[in-house]
Amino acid sequence: MRYHNITKADMLNGEGLRVVLWVSGCSHHCHACQNAVTWNHEDGLVFDDAAKKEIFDELEKDWCSGITLSGGDPLFCSNREDICKLVLEIRDKFPDKTIWLYTGYTWEELLEQRKKDRNIDQILKHIDVLLDGKFVLKLASEKIHYVGSSNQCIIDVPRSLEKHKKILYIDNQKVLEGEE
Ligand code: SF4
């Protein structure tokens, strides 16, 4: 897996102050994507032990709420194995930190994929929040939290898996309707 950046004390890509890993590789090619530089999975730096240490050093800090995996798409096919290993290692070493993950796939697509893809299954079982779906320019809004367009959902993954239905962590439709 390759990556473009590791940002620290980030407040825009999840709750609290977070470390964000921006991986290379995305096959969704959404119109007006603001991160098209990350689409090619062969661009960027190799995600090596030094990069992992940089992330773990951040997660050690009391004020760091957790990690957000973004890109690109952390669930781009050739990223899945490394992202799965990283998620499992973070869950083991930092059980109190939250893991948020952005992807262009929808929740429903991933539920289908997890039946055949053990990496997807394990990732879903160990993350806290999934921000799903492609960016759709005509649904873009600056009012909503943490995502670019209102079709994208912020999903409480543990509760959704437990209840066998999609449960939102933050409901941006309510935000748009002025209820939150
Ligand atoms: S999924 Fe994200 S990174 Fe990929 S094209 Fe869409 S907006 Fe860009």
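A few remarks follow.
- When the stretch 133-160 is filtered for residues that are among the hydroxyl-bearing types (Ser, Thr, Tyr) and either over 11 Å from residue 107 (Cβ atoms) or assigned to a loop (DSSP other than H, G, I, E, B) (or both), the ones remaining, listed by number, are 141, 146, 149, 150.
- Residue within the stretch 37-60 that is closer than 17 Å to residue 147 by Cα and touching a Lys or Arg at 6+ places or on another chain (Cβ under 7 Å) present: no
- Qualifying residue in the stretch 157-165 (condition: within 16 Å of the ligand (Cβ to nearest atom), buried (at least 20 other Cβ atoms within 10 Å of the Cβ) and within 17 Å of the chain's Cα centre (by Cα)): no
- When the test is whether a residue is over 14 Å from the mean Cα position of the chain (by Cα), closer than 20 Å to residue 169 by Cα and without any contact (Cβ under 8 Å) to a residue 40 or more places away in the chain, residue 121 passes it.
- Pair list, Cβ < 6 Å and 6+ apart or interchain, from the stretch 21-49 residues that are under 14 Å from residue 75 (Cβ atoms) and without any contact (Cβ under 8 Å) to a residue 12 or more places away in the chain to residues that are more than 13 Å from the ligand (Cβ to nearest atom) and hydrophobic (A, V, I, L, M, F, W, C): none
- Helices (runs of 4 or more DSSP H) within the stretch 43-132 that include 1 or more residues among the polar types (S, T, N, Q), at pLDDT 95 or above and on the phi > 0 side of the Ramachandran plot: none
- You will find that of 23, 87, 46, the residue that is more than 13 Å from the ligand (Cβ to nearest atom), β-branched (Val, Ile, Thr) and closer than 19 Å to residue 127 by Cβ is 87 and no other.
The values are calculated or read from the model by the stated rules, or taken from the named source; none is laboratory data. Everything quoted here is computed from the prediction, not taken from an experiment. Quick reminder, even Gly has a Cβ in these numbers, built from the backbone with ideal geometry, and neighbours come from all protein chains shown.
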